[in-house]
Amino acid sequence: MSPANPTANDLLGRVLPYLGKLDEAEAQARKAAELDPLGFTQNNLARILWFKGNNDEADKVARRVAELQPTAASSRRWQVLVAVQRDDGETALREAQAEPDEGYRRFLIALAHYVRGDRKAADAALSDLIQYGRDQLAYQIAEVYAVRGETDKAFEWLQISYDNHDTGTLALLVDPLLHRLRDDPRYKALVAKMNFPATR
C-alpha cells in the first residue's frame, strides 16, 4: 500500500521511471498530486506522462504547474518537450523562452530552434548550451544531438554524462528524445554499463 504522504509518493514516482516502471511511477505521482494539488509534485506527474507518450495530459498538467509556480525551475520544461514531440517549434520556442532556469532555458531553446527549422539559430543555441553547460548539462546536450539526428555526437555526450555521474543519464531507459538511438549497439552497451536493477 502506498503511504499517504505526498513527499514519499513523489520520491517514489521520481525513482521508479529509472527502472522502467512507468505505470507504477504514474500511480505514485498521481497520488502525490492528489494529496498536494497545489505543490510542485504536479511537475513530476507531467514528466512521467511525457515519458509514457501521453503528451496531451502531460501538456495539461505542465501548464497547471506553470500557473501555480511560474518562477520555479523546470516549470516550462515539459510543455517544451511535448511541443518538440509534436514538431510544434513555435510553441516550443515560446515556452522555452519563459523557462525560469537559465541552464534548462538554454537546452530548451536549442531544441525549439531545431524543431522550428532554423538551423542557424539552432546551431548557435547548441553552441551556447555547450559553452555554458558542458559540466552540468552533458545529458541535455546529448538529447539535443539525438533530436538533431547527430548520433555520434549524441553518444559522445552520453559518455561524458556517464563519466560525470550526471543524474540525467538515469533516464536512459525511458527518454523519448533518445528513441532513435535505441537500436544502436552503443545504446545497449551504455544501458548495460548503467547496471540498472532487474525490473522483473
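Rule-based calculations on the coordinates, nothing more; no lab input. Here the structure is a predicted model, which is why all the values come from computation and not from measurement.
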Projected onto their principal axes, the Cα atoms of the chain stretch, largest extent first, over whole-Å spans of 49, 38, 27
Correct semi-axes for region 109-200, from √(5λ) of the alpha-carbon gyration tensor and rounded to whole Å with the largest first, are 24, 14, 10
In a Gaussian network model of the chain with springs linking alpha carbons closer than 10 Å, the residue among Thr41, Thr169, Thr71 that fluctuates most is Thr71
Pairs over 22 Å Cα to Cα, from Lys21/Lys188; Lys60/Lys188; Lys60/Lys153; Lys31/Lys60; Lys52/Lys193, come to Lys60/Lys188; Lys60/Lys153; Lys52/Lys193
Eigenvalues of the alpha-carbon gyration tensor of region 59-103, times 5 and square-rooted, give semi-axes in Å, largest first, of 16, 12, 7
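Per residue and in cubic angstrom, what volume does the convex hull of the Cα atoms of region 1-63 have? Before the final figure, lay out each step's value.
Working: hull volume 4.1 nm³, N = 63.
In region 1-63, the Cα hull volume divided by residue count equals 65 Å³.
Relative contact order of the chain: what whole-number percent is it, with Cα pairs under 8 angstrom and at least 6 residues apart?
On the way: 298 pairs, mean separation 29.6, N = 200.
Dividing the mean separation by the residue count of the chain yields 15 percent.
Per residue of the chain, what 222 nm ellipticity follows from adding -39500 (n - 2.57) for every DSSP H run with n ≥ 4, rounded to the nearest 500?
Details: 11 runs with 130 residues, N = 200.
My calculation for the chain gives -20000 deg cm²/dmol from helical runs alone.
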